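The values are calculated or read from the model by the stated rules, or taken from the named source; none is laboratory data. Being a predicted model, the structure only gives us computed values, none of them experimental. Quick reminder, even Gly has a Cβ in these numbers, built from the backbone with ideal geometry, and neighbours come from all protein chains shown. Surface areas here come from the heavy atoms of the whole protein model, side chains and all, with no ligands, DNA or RNA. Shrake-Rupley method; radii C 1.70, N 1.55, O 1.52, S 1.80 Å.
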Amino acid sequence: MIEPTLNYVLCPGPAAAPETPGRAPAPAQQHRMAYWEWNATGNPAHPHVIVCVHGLSRQGRDFDTLARVLSQHARVICPDVVGRGRSDWLADPMGYQIPQYAADMLALLAQVHQQAPITTLDWVGTSMGGLIGMGITGQPGLPLPVPVRRLVLNDVGPLIQWQALQRIGQYLGQPTRFGSLQQAADAMWAISTSFGPHTPAQWLDLSRAMVRELPQSAGGSLTLHYDPAIAVPFKTLTQEAAAAGEAALWQLYDHITAQTLLLRGAQSDLLSRETAQAMAQRGPRAQVVEFEGVGHAPTLVAPDQVAAVADFLLTAEGAVAG
C-alpha cells in the first residue's frame, strides 16, 4: 500500500522551543511546517498538484484515504498546519490565525513548484482548511505558481454558526493524557460523533496521528498532537468579532474564480443550509453536495464522500475515481 513521504518547508515567523526531545530548533525568525506528499503517478514531477488542508484541531494524515485515490493521478500535498502534527509550534500564540496559515501555504506552494513546476493546482479544505483556501483563492494578486483551478470547501463557508464555535471552544486546548491509543480514540470519538458513522478500524486509523508520546519524565503517556496554545486566539473571538469577519469572508468568497464544490454534512451545526444555498447563488456559485447522517465535518473516508471529491477534481483528467 502506498505511503506518503514527510517533508518540511521553512516559513516566516519565529518558532517556540521544540517540545520533542532531540529536535533541533528552527532557524531564527522561522518555523518549519511539515507536509505529507503522496504520489503514485510514476512521475515524481507530475504537474498536477492537489493540496489538502485539515480542520482546526486535526492534521494532514486525516486525508490518507482520499489521498490514496487522488495520488494515482496527481501529487497530493497534505500539510500539518503550524502548531499541529509534525510542524513546529509558534513562539507567539496569536500567530495561530488564518493570515499566518495562508502565508505558510504560499511558502509551501513556492517550494513544491520549485521542486517540480505546477501547471494544475487544486485545493481541498476541511473547515479551517477551507477558510485558508478561501484566503488563498479569494485574493487576486497573491504569488501563486498558478491560479487554483478547482476548490473543494468541506463544511465551511463565510458564515459560521456561533453555537458551533462555542461547542469547539469547550474542548480545544484542554490538557489531556491517555494511557493508550484506544483510550485516546474513545475520548476523541466522544466529542466527534458529528463526523458521522465510522467503523472502529476507521476511527482508530483517523486517531493514530492525533496523538504524540510524552517523554518518560512526564509519565510516558500520550497527549494530543497539537500546541494547546492554538486555542488562545480562538478563545478571544467574540460573537461581535465573528459577525464583523463575516463580511470580509463573503468578499473573499465573491472574488473566487476557481470552480467550487461545497460539501455539507446534512446535520452540520457549523455550516447552515441557508449559507450553503447562498454560496450556490453568488461568487463562484458552488456546486453543493450534502451527506445525510453527517454533521461537522465529513471526514472524506466514506466511499461516497471520496467519490464526490475525486469525481470533481479528476473529471478533466478522464480518470475514474477508485
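Per the 1.4 Å probe, what fraction of the accessible area of region 150-244, in percent, lies on carbon and sulfur atoms? The C+S portion of the solvent-accessible surface of region 150-244 is 57 percent. Ordered from largest to smallest accessible area (heavy atoms of protein chains, 1.4 Å probe), the residues ASP64, ASP254, ASP104 come out as ASP254, ASP64, ASP104. Compactness ratio for region 192-322: Cα radius of gyration over 2.2 N^0.38 Å (N = residue count) comes to 1.33. With the whole protein complex present, ASP304 retains an accessible surface near 90 Å², based on a 1.4 Å probe.
For region 83-101, no residue has its backbone nitrogen under 15 Å from a point 7 Å from the Cα of THR5, taken along Cα to Cβ. Building the convex hull from the alpha-carbon atoms of the chain and averaging its projection over directions returns 15.6 nm². Computed from point charges on the beta carbon alone (+1 for Lys and Arg, -1 for Asp and Glu), the dipole magnitude for the chain about its Cα centre is near 260 Debye. Beta-bridge orientation, region 1-109: approximately 80 percent antiparallel, per DSSP, counting only bridges with both partners inside. Accessible area per residue for the chain is 42 Å², calculated with a 1.4 Å probe on protein heavy atoms, without ligands, DNA or RNA. Ligands, DNA and RNA excluded, the heavy atoms of THR119 present near 90 Å² of accessible surface to a 1.4 Å solvent probe. Under 12 Å from the Cβ of PRO298, count the other residues' Cβ atoms, weight Lys and Arg +1, Asp and Glu -1, and hand me the total. With Lys, Arg at +1 and Asp, Glu at -1, the neighbours total -4. For region 19-59, the mean projected area of the C-alpha convex hull, equal to one quarter of the hull surface, is 5.3 nm². Were the residues from GLN183 through ALA110 laid out at 0.36 nm apart, the gain over their Cα-Cα distance would be 22.3 nm. Computed over the chain with a Gaussian network model linking Cα atoms closer than 10 Å, the most mobile of VAL156, VAL232, VAL76 is VAL232.
When both bridge partners sit in the chain, DSSP labels roughly 40% of those beta bridges antiparallel. Rolling a 1.4 angstrom probe over region 59-132 with all protein chains present gives an accessible area of which 53% lies on carbon and sulfur atoms.
The order of ILE2, ILE168 by accessible area, most exposed first and with a 1.4 Å probe, is ILE2, ILE168.
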